[in-house]
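Undergrad: This structure is in structure tokens; I'll ask about it shortly.
The values are calculated or read from the model by the stated rules, or taken from the named source; none is laboratory data. As the structure is a computational prediction, the values presented were derived from the model and not from experiment. For neighbour counting, all protein chains shown are included, and Cβ atoms are generated from backbone atoms with ideal geometry for every residue, glycine included. Note: accessible area is taken over every heavy atom of the protein model, side chains too, but ligands, DNA and RNA are not part of it. Shrake-Rupley method; radii C 1.70, N 1.55, O 1.52, S 1.80 Å.
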Amino acid sequence: MNWTNMFFQNWEGIVRTLIVGALAYTILILFLRISGKRTLAKLNAFDLVVTVALGSTLSAILLQESVALAEGMIALALLILLQFVVAYTSVRFPAFAKAVRSEPSLLARDGEYCEAAMRRERITHGEALSAVRSAGGRDIEDVAFLILESDGTLSAGLKSK
């Protein structure tokens with residue numbers, strides 16, 4: 001085993017990473033600015049997938065010499081375009097939106113758990129209580145509502161005192 005290759009292979013790889021990395025990063029920022037804020041919004045599962053895929057693609061461009069900058073640019077643009085098409089189509093066709101997006105789920109109301117919804121969404125009482133505490137409550141009895149949002153976050157509304 002050659003231990004030196006684990007830490008340094010050659011200057012060519014370093015220079016390539018610096019140049020391609022700076023260019024790929026600049027291109028990604030440009031694409032994101034052109035595509036708008038929605039591209040990185042984590043409103044639903046598709047948005048999350050795009051965000052993760054953009055990071056993975058940038059990583060591949062930076063570290064894999066077999067991925068040329070032009071190929072990486074096309075991959076980034078394709079991901080952003082597909083996300084735009086899904087968002088555009090969702091806004092214009094409610095049936096499509098319903099097929100690709102999850103609806104928020106009511107997990108608790110008026111201080112009581114909605115047990116069937118919690119089982120369906122695989123949310124534990126501990127996770128629900130954590131959201132209640134984050135909202136400033138102490139226990140489930142303090143909650144007017146607890147909702148699992150489309151993006152996977154928990155929103156708690158407390159009863160007025």
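Undergrad: Restricting attention to the range 110-134, and to residues there that are surrounded by 14 or more Cβ atoms within 10 Å (Cβ to Cβ) and within 24 Å of A45 (Cβ to Cβ), which single residue is farthest from the chain's Cα centre (by Cα)?
TA: C114
Undergrad: Taking the criterion of being among the aromatic types (F, W, Y) and open to solvent by 80 Å² or more (accessible area, probe 1.4 Å), would at least one residue in the range 142-150 satisfy it?
TA: The initial filter retains those residues of the range 142-150 that are among the aromatic types (F, W, Y), namely 145.
Narrowing further to those that are open to solvent by 80 Å² or more (accessible area, probe 1.4 Å): 145.
For the range 142-150, residues among the aromatic types (F, W, Y) and open to solvent by 80 Å² or more (accessible area, probe 1.4 Å): present.
Undergrad: Can you tell me which of S56, S66, S35 is of a type in the set (G, A, S) and open to solvent by 90 Å² or more (accessible area, probe 1.4 Å)? Write out each step before concluding.
TA: Numbers: S56 fails: open to solvent by 90 Å² or more (accessible area, probe 1.4 Å); S35 fails: open to solvent by 90 Å² or more (accessible area, probe 1.4 Å).
When all the criteria are applied, what remains is S66.
Undergrad: Related question: With in a helix (DSSP H, G or I), touching a residue at least 40 places away in the same chain (Cβ under 8 Å) and either within 30 Å of A135 (Cβ to Cβ) or open to solvent by 30 Å² or more (accessible area, probe 1.4 Å) (or both) as the only criterion, which of T17, T51, T26 stands out?
TA: Values: T51 fails: touching a residue at least 40 places away in the same chain (Cβ under 8 Å); T26 fails: touching a residue at least 40 places away in the same chain (Cβ under 8 Å).
Answer to the selection: T17.
Undergrad: Let me ask something additional. For L107, are the conditions met, namely being open to solvent by less than 50 Å² (accessible area, probe 1.4 Å), in a helix (DSSP H, G or I) and among the aliphatic types (A, V, I, L, M)?
TA: Details: open to solvent by less than 50 Å² (accessible area, probe 1.4 Å): yes; in a helix (DSSP H, G or I): no; among the aliphatic types (A, V, I, L, M): yes.
Taking the combined requirement at face value, the residue does not satisfy it.
Undergrad: Give the residue, chosen from L58, L48, L54, L40, that is modelled with pLDDT under 95 and over 18 Å from D151 (Cβ atoms).
TA: Working: L48 fails: over 18 Å from D151 (Cβ atoms); L54 fails: over 18 Å from D151 (Cβ atoms); L40 fails: over 18 Å from D151 (Cβ atoms).
Going through L58, L48, L54, L40 in turn, just one is modelled with pLDDT under 95 and over 18 Å from D151 (Cβ atoms): L58.
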